[in-house]
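Trainee: First, the structure itself, so that you have it in front of you.
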Amino acid sequence: MNISIHLGATIIHDRKILPGKHGYSGTIEHIQIVPNGKKCYCGRQGCIETVCSMNALLGEDEEDTFFEKKEAGDPAVMERWRTYLYYLALSINNMHLLYNEDFVLGGYLASRLYDADLACICENIEKLSPFPENIDYIHVSKMPKHNITIGAALPYIRNFLAGELIPMKG
Ligand SMILES: [Zn+2]
């Protein structure tokens, strides 16, 4: 899951991206998890986007302002944060039931997640999951900035390292 201003995800299996039959496998942001919830930019209501994106978390606050208030223990911000972590846990649990794979949380959120936050996500998942399990499948990206750009470059780097140079145009 890539937690950015908007939400996005990619499903990787056997080290390959799964595009799906129509090419939109992994568009988890528009799975509805809150019946009659907030309106999503897709036109529907209660999509994961409306509760798990940074956009949903921050509301009217700037990113730095929000996290400064969180550090200061602002009760309203802490409540928003806990609700956000709950919906993140709910989404991860649902995805994990569908795809029993590792999860890497990335995007802007990665640099904002502390061990206590991960513990909160795991605690929520333990309550939600039908399986008593050790939650060892959630990882936080070690590349929180520019990860989309770097990810887009990886196939070219892989080809370069394999000695398959791609000719430049022009
Ligand atoms: Zn939507």
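Trainee: Looking only at region 50-67, filter to residues that are more than 16 Å from the chain's Cα centre (by Cα) and outside any helix (DSSP H, G or I); which one of those is nearest to the ligand (Cβ to nearest atom)?
Mentor: Across region 50-67, the extreme among qualifying residues is G59.
Trainee: Name the residue that is farthest from T83 (Cα to Cα), counting only residues in region 110-128 that are crowded, with 16+ Cβ neighbours inside 10 Å and in contact with a Leu (Cβ under 8 Å, 6 or more places away or on another chain).
Mentor: If we take residues in region 110-128 being crowded, with 16+ Cβ neighbours inside 10 Å and in contact with a Leu (Cβ under 8 Å, 6 or more places away or on another chain), then L113 is farthest from T83 (Cα to Cα).
Trainee: Across region 28-49, which residue is surrounded by the fewest Cβ atoms within 10 Å (Cβ to Cβ) among those that are near the ligand (Cβ under 9 Å from one of its atoms) and more than 17 Å from the chain's Cα centre (by Cα)?
Mentor: Only one residue tops the list, namely G43.
Trainee: Taking region 143-153 as the search range and keeping residues that are out of contact with any strand residue (DSSP E or B) (no Cβ under 8 Å at 6 or more places or on another chain) and over 18 Å from I11 (Cα atoms), which one is surrounded by the fewest Cβ atoms within 10 Å (Cβ to Cβ)?
Mentor: Only one residue fits best here, namely H146.
Trainee: Please enumerate the residues belonging to region 72-98 that are open to solvent by 80 Å² or more (accessible area, probe 1.4 Å) and of a type outside the set (G, A, S).
Mentor: P75, E79, R80, R82, Y86, L97, L98
Trainee: Run down Y24, Y41, Y86 and say which single residue is of a type in the set (F, W, Y), assigned to a loop (DSSP other than H, G, I, E, B) and at pLDDT 90 or above.
Mentor: Going through Y24, Y41, Y86 in turn, just one is of a type in the set (F, W, Y), assigned to a loop (DSSP other than H, G, I, E, B) and at pLDDT 90 or above: Y41.
The values are calculated or read from the model by the stated rules, or taken from the named source; none is laboratory data. Here the structure is a predicted model, which is why all the values come from computation and not from measurement. When we count neighbours, we look across all protein chains shown, and the Cβ atoms used for this are built from the backbone with ideal geometry, even at glycine. For the accessible areas, the whole protein counts, side chains as well, though only heavy atoms, and no ligand, DNA or RNA atoms are used. Shrake-Rupley method; radii C 1.70, N 1.55, O 1.52, S 1.80 Å.
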